[in-house]
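Since the structure comes first, as structure tokens, the remarks are kept for the end.
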Amino acid sequence: MEQGERLAQWTRFREMTREVHRGFVAEWTVTIILLLFATTTLVQAFVIPSASMEDSLLVGDHVLVDKLVFSPHGAAGLTLPYREVRRGDIIVFRYPLDIREDYVKRAIGIPGDHIRFVSQQLILNGKPVKEPYVKHVASYPNTYRDNFPVRAGDPLRPRALEMLENHVVDGELVVPPGYVFAMGDNRDDSDDSRYWGLVPRENIVGTPTIIYWSYDASTQDLTNGNIGIDHIIDVVTHFPTKTRWKRTFKLIHGYPLQ
């Protein structure tokens, strides 16, 4: 009987210590997570899933996004540098057609700007502008793509049609207040404002500042909502060889468009 009581006491002690251990681990786990990610109001990790910003940003570039640079004064109760979006800034924003998705493009036009293209050449406020970051890969011309906003029967989303109907004056897009016209650097392979319309200012999350890791992965792997076992195995197996070491800790800069 005495032995049975001792056994019961030992069992209860083990259960108590197990609960204490679990609570200790859980508490420290939460603490570590908060220490690591409490700055999510300041910085957001983001992976480049498509080729639309090549060669400025490559598929598989993992970047940190500064979320306060474009935030209203006093965001998060902090006094930090703040400014408006400038032409040439690389921006991360909530996709206007589905705000659950984040897109990354370059701001080409801000409110009041007049924009048109002539044979792929950007004409900004009446002057041709140099864009050294632009990449062209198509082997064929396309009237709308290369001479925006000239209409040529291309399939466009309703927001793009509304943009063309209401904001094109004398063959130029005039960016309205509260919006930004954004395009990918890989102009022939970019789904951007030409095809789905203007970016609302409130949709802009921030700007990428640094590439903290770059891994040669496919768009399919990076856009899969559930990380596939094949991708995990690929990373574990080829981490040293498929990591783009020269891009690690590379700073990301906009390009001023004048």
At 0.36 nm per residue, and after removing the present C-alpha to C-alpha distance, how many nm does the segment from D170 to R201 gain when stretched out fully? 8.7 nm
Can you put Y133, Y103, Y95, Y179 in order of Cβ neighbours within 10 angstrom, beginning with the fewest? Y95, Y133, Y179, Y103
Go ahead and run the numbers for FRET between K242 and E84, Cβ-Cβ distance against an R0 of 30 Å, rounding to 0.05. 0.20
Spin-label model distance (nm) - R159 vs H253, 7 Å beyond Cα toward Cβ: 3.1 nm
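Quick one: length gained pulling D55 to V235 fully straight, 0.36 nm per residue minus the C-alpha distance?
Working: separation 180, 0.36 × 180 = 64.80 nm, distance 2.26 nm.
Between D55 and V235, full extension yields an extra 62.5 nm.
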Once the piece of chain linking T143 and V43 is laid out straight, how much longer is it, given 0.36 nm per residue of separation minus the C-alpha distance between them? 32.1 nm
Starting from the Cα gyration tensor of segment 42-251, multiply each eigenvalue by 5, take the square root, and state the resulting semi-axes largest first in whole Å. 30, 22, 16
Pairs of Cα atoms farther than 16 Å apart, segment 98-154, %: 56 percent
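Please sort by residue number the GluC sites (Glu not before Pro) in segment 133-238 whose DSSP state is loop and whose Cβ has at most 15 other Cβ atoms within 10 Å.
Counting only loop positions with at most 15 other Cβ atoms within 10 Å, none of the GluC sites (Glu not before Pro) in segment 133-238 qualifies.
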Computed for segment 42-251: size of charge dipole around the Cα centre, +1 on C-beta of each Lys and Arg, -1 on C-beta of each Asp and Glu, debye to nearest 20, value 540 debye
Based only on other Cβ atoms within 10 Å, what is the fewest-to-most ordering of S56, S218, S119, S193? S119, S218, S56, S193
Using the Cα centre as the reference, give the magnitude of the dipole from point charges on the C-beta atoms of segment 147-214 (Lys, Arg: +1; Asp, Glu: -1; all else neutral), rounded to the nearest 20 debye. 140 debye
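Is there a pair in K105/K130; K135/K250; K127/K246; K135/K242 whose C-alpha atoms are over 26 Å apart, and which pairs would that be?
Values: K105/K130 17 Å; K135/K250 20 Å; K127/K246 36 Å; K135/K242 23 Å.
Table pairs above 26 Å Cα-Cα are K127/K246.
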Starting from the 7 Å offset along Cα-to-Cβ, what nm value, one decimal, do you get for the label separation of S119 and S218? 3.9 nm
Answer with one residue from H114, I233, S218: the one whose Cα lies farthest towards the positive end of the charge dipole of segment 42-251, charges on Cβ with Lys, Arg +1 and Asp, Glu -1. H114
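Taken together, the values in this text are just the output of simple stated rules run on the coordinates, not laboratory data. None of the values given here were measured: they were computed from a predicted structure. Backbone-built Cβ (ideal geometry, glycine too); neighbour counts: all protein chains shown.
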